[in-house]
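S.K.: What follows is a structure written as structure tokens; I'll ask about it next.
The values are calculated or read from the model by the stated rules, or taken from the named source; none is laboratory data. Every value quoted in this text rests on a predicted model; they were computed, and no experiment measured them. Here the Cβ positions follow ideal geometry from the backbone for every residue, glycine too, while neighbour counts run over all protein chains shown.
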Amino acid sequence: MCTVAGHLKVLTSAAVNRAVLESHHNGILRNGFAFDRCEVAICTTVADDHLGPTVRTLEELAVVPVASMPATFGGSATFNVSNAMHAIAACYFFGYGVDVIRAGMERFRMDFDNTPGRLNFYDAYPFNVLMDAMKNPAGAAALSRFVERIKTRGRKYLMVQVRGDRDDGFIKAMGTALAGHFDHYICQIHSVYPGDPKDRAPALVKAALLEAGAGGLDDARFV
């Protein structure tokens, strides 16, 4: 929850004694914070899709042992290496000891219990399934680089949904970021934000993949 209403729900709960809250930059500029002060503040994720009517350029927005951490997958998930560094810094300034921080980093895993929809592996089939809620071109590029580092004896299939309420440039940038990292692509209509017409986003993703020279699209499906 990155809204003021969501933050107030957390902060007014008697069950909460320490909160980690996410604030969206446009929400901050429009509504401010739900709190007067915080002990630690971290600015992360500086990417194009975080721009909008209140912040127009990346420059404006920017103003305002790894292998032992399971969440980094031995350092292959470089974006989680960055996340871990921010988390470690936050814990340090909260006053937690190094041993406590290390123990936390060594126990935290990217699974359905801790991070549902974020880099979750499912291995109940004869093949491995990786699920991730990548939501922007930067995330798509990071996920693609991670998949490149995964050793496999078979082929890599990608089933992708991109929000249909985004502009053409954003949707095609998603396709471009994913091109060349998988053997086969299935472009789906987004289940929550299909857009109008519904097949616009999958068609744009497919077009971007083809323009970038991606293979495996001879029978791309729109589901």
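S.K.: Limited to region 161-183, what total is found for residues that are crowded, with 20+ Cβ neighbours inside 10 Å and either touching a strand residue (DSSP E or B) at 6+ places or on another chain (Cβ under 6 Å) or among the β-branched types (Val, Ile, Thr) (or both)?
M.R.: Number of matching residues: 5.
S.K.: Then there's this: Looking at (1) farther than 18 Å from Phe170 by Cα; (2) at pLDDT 90 or above; (3) not acidic (Asp, Glu), find the lone condition where Arg153 falls short.
M.R.: Result: Arg153 passes all but (2).
S.K.: Considering only residues of region 79-120 that are in contact with a strand residue (DSSP E or B) (Cβ under 8 Å, 6 or more places away or on another chain) and surrounded by fewer than 14 Cβ atoms within 10 Å (Cβ to Cβ), which is nearest to Ser144 (Cα to Cα)?
M.R.: Only one residue tops the list, namely Gly117.
S.K.: Quick one: which of Ala124, Ala133 is among the aliphatic types (A, V, I, L, M), modelled with pLDDT under 90, surrounded by fewer than 16 Cβ atoms within 10 Å (Cβ to Cβ) and out of contact with any helix residue (DSSP H, G or I) (no Cβ under 8 Å at 6 or more places or on another chain)?
M.R.: So the residue among Ala124, Ala133 that is among the aliphatic types (A, V, I, L, M), modelled with pLDDT under 90, surrounded by fewer than 16 Cβ atoms within 10 Å (Cβ to Cβ) and out of contact with any helix residue (DSSP H, G or I) (no Cβ under 8 Å at 6 or more places or on another chain) is Ala124.
S.K.: Among (1) in contact with a Gly (Cβ under 8 Å, 6 or more places away or on another chain); (2) surrounded by 15 or more Cβ atoms within 10 Å (Cβ to Cβ), there is one condition Lys198 misses while meeting the rest; what is its number?
M.R.: (2)
S.K.: Evaluate the following for Ala212: is it surrounded by 14 or more Cβ atoms within 10 Å (Cβ to Cβ), in contact with a helix residue (DSSP H, G or I) (Cβ under 9 Å, 6 or more places away or on another chain) and not β-branched (Val, Ile, Thr)?
M.R.: yes
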